[in-house]
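Trainee: The structure follows.
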Ligand SMILES: Cc1cc2nc3c(=O)[nH]c(=O)nc-3n(C[C@H](O)[C@H](O)[C@H](O)COP(=O)(O)O)c2cc1C
């Protein structure tokens, strides 16, 4: 996907080395572009606590969706007494429509491997996995090569940098549906167990892989760490939103003139953000955060692009995908199709998720075919809220988002289907079918 120009003055923390070295080429070329320089200095001169302090001062928060402070996770894992700790870099990229993590893994694999080394050093972890969706063959190949050459150079492995600590990093392909990107599910998948989520607490930092303290971080979270270590906490903290500093990769798709991926500071308004990709005229809605994200209406575009602000709108940060929806798309049909997808991708561990998502889909399916029942409009919202309230994992929590934000911001379009059997966009064919009973 095309890499679009970032807004003026934004430092390229994640994309700065894209195209500056051949990811299939030798280590020396990557090093010339800046890879491993911070690690070689910091890991011999600093203590794990000092590294963690710098990342805490930078204000680095997770890019995987929840926005949890990275350094807090590292400290929590380091504080647990254990014979072994783990770091897991989450490169699963669960949203099938997103390719921001994939783009990062393919274009600057060394930033991720170096970031994993820093996280492992800081958390006192001797072993780390970079877990990548199994079909991302190029990312898997390049990350594996980056680990291998870094090991050959003595930067990681046993007695890394001759400094007396071990960091063994393994790149591991992981298969499965969307729910496998959720951290506890991912850990089970790595352990080769049934891929279903766990109740928390205990959090993975206390009990993760093989019951050992485990830090799970998104690959983009980790890729920012070498930049922070090279440029200082203050330089990172000065970028973007004071409460959520740094940059993020965002992917524009749908009704845009310039779809692509861009590195932007956190905390821009969604309006300014989508202007980068130039939406087509008559924008109807923006879907932020992938299939489990939420619809924003054109009147809500001053919402800031941060997890907190998006959650307040019933949406989420999610996969980094931002989809523009044009006037010819029916939002009820779109939400119904995506609900079906989420229901299929869920693991089915809890009844509200296994049955609730199916029933939500069925309400949508009835609405798009003119078969809505009198209580469907009420049930859609009630059931959506009930499923959220009972959620064990984020998939279940977010899966009703599209229906709930649809009913909130596009009540006319939803009620036209649910109450009146019409489709304002002219997409569905909600013809009421007369049921005749034959003797
Ligand atoms: C259904 C679901 C899918 C997820 N998929 C991903 C994913 O593909 N990549 C990712 O980093 N985090 C994903 N997450 C979030 C992870 O559970 C976890 O919060 C994240 O990996 C932690 O990293 P961070 O603190 O650096 O953001 C997903 C969560 C849910 C509920």
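The values are calculated or read from the model by the stated rules, or taken from the named source; none is laboratory data. Bear in mind that the values here come from a model prediction, so they are computed numbers and not experimental data. Cβ placement follows ideal geometry from the backbone for every residue including glycine, while neighbour counts extend to all protein chains displayed.
Trainee: Select from segment 344-360 the residues that are over 15 Å from residue 394 (Cβ atoms) and either within 20 Å of the chain's Cα centre (by Cα) or assigned by TED's automatic domain parsing to the domain that holds residue 96 (or both) and list them in ascending order.
Mentor: The answer is 344, and nothing else.
Trainee: Another question, if that's okay. What number of residues within segment 163-185 are touching a helix residue (DSSP H, G or I) at 6+ places or on another chain (Cβ under 8 Å), assigned to a loop (DSSP other than H, G, I, E, B) and away from the ligand (no atom under 16 Å from the Cβ)?
Mentor: 1
Trainee: Moving on to the next point. Does segment 422-439 contain any residue that is more than 24 Å from residue 95 (Cα to Cα), in a helix (DSSP H, G or I), free of Cβ contacts under 8 Å to residues at least 12 places away in the same chain and away from the ligand (no atom under 16 Å from the Cβ)?
Mentor: Checked segment 422-439: no residue is more than 24 Å from residue 95 (Cα to Cα), in a helix (DSSP H, G or I), free of Cβ contacts under 8 Å to residues at least 12 places away in the same chain and away from the ligand (no atom under 16 Å from the Cβ).
Trainee: Within segment 85-92, does at least one residue satisfy the condition of being closer than 19 Å to residue 393 by Cβ, within 8 Å of the ligand (Cβ to nearest atom) and assigned to a loop (DSSP other than H, G, I, E, B)?
Mentor: yes
Trainee: Right, here's the next one. If you check 179, 216, which single one turns out to be within 25 Å of residue 107 (Cβ to Cβ) and in contact (Cβ under 8 Å) with a residue 60 or more places away in the chain?
Mentor: 216
Trainee: Right, residue 91: at pLDDT below 95, in contact with a strand residue (DSSP E or B) (Cβ under 8 Å, 6 or more places away or on another chain) and not assigned by TED's automatic domain parsing to the domain that holds residue 260 or not?
Mentor: Answer is no for this residue.
Trainee: Does residue 335 satisfy being over 27 Å from residue 282 (Cβ atoms), touching a helix residue (DSSP H, G or I) at 6+ places or on another chain (Cβ under 8 Å) and at pLDDT 95 or above?
Mentor: no
Trainee: I've got another one for you. Show the residue pairs meeting these rules: Cβ distance below 8 Å; 6+ apart or different chains; first residue within segment 358-382 and on the phi > 0 side of the Ramachandran plot; second residue part of a loop (DSSP other than H, G, I, E, B).
Mentor: Hits for this filter: 370/421; 370/428; 370/429; 370/430; 370/431; 370/432; 370/433.
Trainee: Same structure again: Could you check, for segment 141-159, whether at least one of its residues is touching a strand residue (DSSP E or B) at 6+ places or on another chain (Cβ under 6 Å), closer than 30 Å to residue 26 by Cβ, in the same structural domain as residue 89 (by TED's automatic domain parsing) and touching a residue at least 60 places away in the same chain (Cβ under 8 Å)?
Mentor: Looking through segment 141-159, none of the residues is touching a strand residue (DSSP E or B) at 6+ places or on another chain (Cβ under 6 Å), closer than 30 Å to residue 26 by Cβ, in the same structural domain as residue 89 (by TED's automatic domain parsing) and touching a residue at least 60 places away in the same chain (Cβ under 8 Å).
Trainee: Applying the selection to segment 205-231, what residues are crowded, with 24+ Cβ neighbours inside 10 Å and assigned to a loop (DSSP other than H, G, I, E, B)?
Mentor: Answer for segment 205-231, where residues must be crowded, with 24+ Cβ neighbours inside 10 Å and assigned to a loop (DSSP other than H, G, I, E, B): 208, 213.
Trainee: Okay, next question. Kindly indicate whether any position in segment 11-23 is closer than 30 Å to residue 189 by Cα, surrounded by 15 or more Cβ atoms within 10 Å (Cβ to Cβ) and touching a helix residue (DSSP H, G or I) at 6+ places or on another chain (Cβ under 7 Å).
Mentor: There is at least one residue in segment 11-23 that is closer than 30 Å to residue 189 by Cα, surrounded by 15 or more Cβ atoms within 10 Å (Cβ to Cβ) and touching a helix residue (DSSP H, G or I) at 6+ places or on another chain (Cβ under 7 Å).
Trainee: Spot the failing condition for residue 194; the list is (1) in a loop (DSSP other than H, G, I, E, B); (2) near the ligand (Cβ under 10 Å from one of its atoms); (3) closer than 18 Å to residue 132 by Cα, and only one is missed.
Mentor: Every listed condition holds for residue 194 apart from (2).
Trainee: Check whether at least one residue in segment 106-115 is within 13 Å of the ligand (Cβ to nearest atom), touching a residue at least 40 places away in the same chain (Cβ under 8 Å), within 21 Å of residue 3 (Cβ to Cβ) and in a helix (DSSP H, G or I), and report yes or no.
Mentor: So far as segment 106-115 goes, yes, one or more of its residues are within 13 Å of the ligand (Cβ to nearest atom), touching a residue at least 40 places away in the same chain (Cβ under 8 Å), within 21 Å of residue 3 (Cβ to Cβ) and in a helix (DSSP H, G or I).
Trainee: Go through 76, 5, 58 for me and flag whichever is outside the structural domain of residue 248 (by TED's automatic domain parsing), in contact with a strand residue (DSSP E or B) (Cβ under 9 Å, 6 or more places away or on another chain) and surrounded by 22 or more Cβ atoms within 10 Å (Cβ to Cβ).
Mentor: Unique residue meeting the criteria: 58.
Results for (1) modelled with pLDDT of 95 or more; (2) in contact with a strand residue (DSSP E or B) (Cβ under 7 Å, 6 or more places away or on another chain); (3) within 13 Å of residue 359 (Cβ to Cβ); (4) away from the ligand (no atom under 16 Å from the Cβ), shown as yes or no for each residue.
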| site | (1), (2), (3), (4) |
| --- | --- |
| 379 | yes, no, yes, yes |
| 387 | yes, no, yes, no |
| 399 | yes, no, yes, no |
| 405 | yes, yes, no, yes |
| 410 | yes, yes, no, yes |
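Trainee: What are the residues in segment 56-84 that are within 11 Å of the ligand (Cβ to nearest atom) and outside any helix (DSSP H, G or I), if any?
Mentor: 60, 61, 62, 63, 64, 65, 66, 67, 68, 69 - these are the residues of segment 56-84 that are within 11 Å of the ligand (Cβ to nearest atom) and outside any helix (DSSP H, G or I).
Trainee: Could you tell me which of the residues 253, 234 is surrounded by fewer than 19 Cβ atoms within 10 Å (Cβ to Cβ) and assigned to a strand (DSSP E or B)?
Mentor: 253
Trainee: Under 6 Å between Cβ atoms, at least 6 apart or on separate chains: pull out the pairs that start in segment 92-103 with a residue that is touching a residue at least 24 places away in the same chain (Cβ under 8 Å) and end on any residue that is near the ligand (Cβ under 8 Å from one of its atoms) and assigned to a loop (DSSP other than H, G, I, E, B).
Mentor: Every condition considered, the pairs that remain are 95/319; 98/319; 101/93; 102/93.
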